[in-house]
Amino acid sequence: MTAHIDLSAYRRYFPALQREINGQPVIYWDNPGGTQVAQQVIEAMTRYLREANANAHGTFFTSQRTDEIIATARQAMADFLNAASPAEIVFGPNMTTLTFAFSRAIGQTLQAGDEIIVTVLDHDANVAPWLALQERGVVIRTVDIHPENVTLNLQDLQEKINERTRLVAVGYASNAVGTINDVQRITQLAHAAGALVWIDAVQYAPHGPIDVQALDVDFLVCSAYKFFGPHLGILYGKRQHLEHFPAYKVRPASNAVPERWETGTQNHEGVAGLIGAIDYLTLLGEKQAAHYAADPRLCPYQGRRRSLKVAMQAISDYERQLSAQLLPGLREIKGLRIYGISGTAPDELAQRVPTVACTINGHHPRALATALGERGIFAWDGNYYALGLMERLGLEGRGGALRLGLCHYNTPAEIERVLSVLQELAGAGN
């Protein structure tokens, strides 16, 4: 971790953070379900709708402007993910829809007895699309966790990979408990067996830098509304895969990549908003560049790619500081249990994003979320679609857990306020 870093100045770029309830500023800790958007996003979407609103591939100005915006957004996402080419970026409604579309396409190339590996730790959007292939005779194997710290059991994964494995689907970070998986190691294990790798990076994308080339993943999906942008899904795929697998599309549509995977008219204003989100992160990276001038992790990157990697590294470092404050405070609350990595040693903080699932004895998670919301503190309860994990932890039948999810626009003062309220709520039930 770098020296102490303060990103509170960037709160001014988020208009929603000015909202108050009962005279108190709202605290947005519902970030794992979707972050607030930067001002640059609002301006980009408004500008598109005012100046360029049209369908693509026409001969007139607004249509041509739409084509330019789509191309600009592809390059922006290629820079964000360090993809080799913007042609490896596919847009869609959301990660779930994109995963279902590709699972169907990949399934067309599989035979009965072929195997796909999923995990207990994942959001169901990276499980259900692969389970659907069981109707073709595909065998689904599920990797377990270490329940004591809710980390993926890599030994179990290694034992399940074999010569029949065709694809390994795993999350970059858990949307429920924050665990970061060793994606590079998992990819190496899968590729050694000749299997493809599908990475759900929805939960990780707002919290740290991603380099798809260094990871060597075959596919990676994320959602712009989780990293300060609009509701839009993004898929990275190695070009040879985007060209190889059969795309389900209407007959007149282009067969070129990546357009062959983008069925129907896209959310053009959302695509414009994505550019705004990347512009915001680029700005953050440029302003933090001096803090990371000698950081060897950033040596491979130049230009906007370097600025984006600086931004995401700064965000990661700042959020680890927040986690180092939050986790001990939660542990002091009587009857509160944290599910997942709860230590604050540097190696432990490096294995999680600031997403925390917890329960308090005598309090239903929905009641806790409701009480927090009444005090202007927004947080989720339930299973957050991490169904397999909640079942494995024995929480599904008990209302799941309360989820507290921070991002870089949250502050130490907010942590103290939330801890105080949780302490009050815990005491009221005992």
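Calculate the spin-label point distance for ASP144 paired with LEU17, positioning each point 7 Å from the Cα along the beta-carbon direction, and give it in nanometres.
4.3
Rounded to whole Hz and in sequence order, give me ³J(HN,Hα) for region 379-391 from the Karplus expression 6.51 cos²θ - 1.76 cosθ + 1.60, θ = phi - 60°, writing x for Gly and Pro.
My calculation for region 379-391 gives 8, 8, 9, x, 10, 6, 6, 8, 4, x, 5, 5, 5 Hz in order.
Any idea which of PHE61, GLN313, GLY229 is furthest toward the positive side of the dipole for the chain, if Lys and Arg beta-carbons carry +1 and Asp and Glu beta-carbons -1?
Farthest towards the positive pole: PHE61.
Evaluate the charge dipole of region 154-227 about its Cα centre and quote only its size in Debye, nearest 20, assuming +1 on the Cβ of each Lys and Arg and -1 on the Cβ of each Asp and Glu.
Values: 5 positive and 8 negative charges, 29 e Å.
Computed about the Cα centre, the dipole is about 140 debye.
Could you tell me which helices of the chain pass both thresholds, a Cα extent of 27 Å or more along their own axis and a mean Kyte-Doolittle hydropathy of at least 0.0, with helices taken as whole DSSP H runs? Write out the running numbers ahead of the final one.
Values: long enough: 61-81 (30 Å, -0.09); 268-288 (31 Å, 0.35); 303-331 (42 Å, -0.52).
The qualifying helices are 268-288.
Using the crude model of +1 on Lys and Arg Cβ and -1 on Asp and Glu Cβ, and no other charge, please compute the dipole size for the chain relative to its Cα centre, in debye to 20. Can you show the working numbers first?
On the way: 37 positive and 43 negative charges, 89 e Å.
Dipole size: approximately 420 debye.
Rounded to the nearest 0.05, what FRET efficiency is calculated for ALA192 and ALA56 with R0 set to 35 Å and r the Cβ-Cβ distance?
Details: r = 41 Å, r/R0 = 1.17.
Using R0 = 35 Å, I get an efficiency of 0.30.
If a/c stays under 1.5 just call it rounded; otherwise compare a/b with b/c (prolate if a/b is bigger, oblate if not). Do that for region 335-406, with a ≥ b ≥ c from the square roots of the Cα gyration tensor eigenvalues. Walk me through the numbers before you get to the answer.
Working: a/c = 1.85, a/b = 1.29, b/c = 1.44.
It is oblate, given that a/c is not under 1.5 and a/b is not larger than b/c.
Starting with the fewest neighbours, write out GLU159, GLU286 ranked by other beta-carbon atoms found within 10 Å of each beta-carbon.
Details: GLU159 11, GLU286 15.
Starting with the residue having the fewest Cβ neighbours, the order is GLU159, GLU286.
I'd like the antiparallel share, as a percent to the nearest 5, of DSSP beta bridges with both residues in the chain.
Details: 27 of 47 bridges.
Bridges in the chain that DSSP calls antiparallel: roughly 55 percent.
From the cross-link list LYS160/LYS309; LYS160/LYS249; LYS226/LYS309; LYS226/LYS287, which pairs have alpha carbons spaced over 24 Å apart? Walk me through the numbers on the way to the answer.
Numbers: LYS160/LYS309 34 Å; LYS160/LYS249 34 Å; LYS226/LYS309 17 Å; LYS226/LYS287 22 Å.
Over 24 Å Cα-Cα: LYS160/LYS309; LYS160/LYS249.
When the chain is fully extended, how far beyond the present Cα-Cα distance does GLU424 get from THR72, taking 0.36 nm per residue of separation?
Working: separation 352, 0.36 × 352 = 126.72 nm, distance 4.93 nm.
Here the segment from GLU424 to THR72 would lengthen by 121.8 nm.
About the Cα centre of region 42-278, what is the dipole size in debye to 20, counting +1 per Lys and Arg Cβ and -1 per Asp and Glu Cβ, all else neutral? Before the final figure, lay out the partial values.
Working: 17 positive and 25 negative charges, 122 e Å.
Its charge dipole is roughly 580 debye.
Under 19 Å from the 7 Å Cα→Cβ point of ILE42, by amide nitrogen: which residues of region 414-428?
Zone members listed by number: none at all.
Calculate the length of the line joining the C-alpha centroid of region 1-73 to that of region 216-251, in whole Å.
21
Not counting the cut sites, what is the longest span of the chain without chymotrypsin sites (Phe, Trp or Tyr not before Pro) that DSSP labels loop and that have at most 15 other Cβ atoms within 10 Å? Intermediate values should be presented prior to the final figure.
Working: sites that count: PHE60, TYR248.
Segment 61-247 is the longest.
How far, in nm, would the chain grow between GLU163 and ALA413 when pulled straight, counting 0.36 nm per residue and subtracting the alpha carbon separation? Before the final figure, lay out the partial values.
Numbers: separation 250, 0.36 × 250 = 90.00 nm, distance 5.24 nm.
Here the segment from GLU163 to ALA413 would lengthen by 84.8 nm.
Exactly which trypsin sites (Lys or Arg not before Pro) in region 297-334 are in a DSSP loop and have at most 15 other Cβ atoms within 10 Å? Before the final figure, lay out each step's value.
Values: sites: ARG297, ARG304, ARG305, ARG306, LYS309, ARG320, ARG331, LYS334; in loops: LYS334.
Those satisfying the criteria are LYS334.
Which net charge results when you count Lys and Arg as +1 and Asp and Glu as -1 among the other residues whose beta-carbon is under 11 Å from that of HIS291?
Details: positive: LYS287; negative: ASP6, ASP295, ASP317.
For residues surrounding HIS291, the net value is -2.
Values quoted throughout were computed directly from the atomic coordinates according to the rules given, and no laboratory measurement underlies them. Predicted model only: the values in this text are computed from it and were never measured. With ideal geometry, Cβ positions are generated from the backbone for all residues, glycine too; neighbour counts draw on all protein chains shown.
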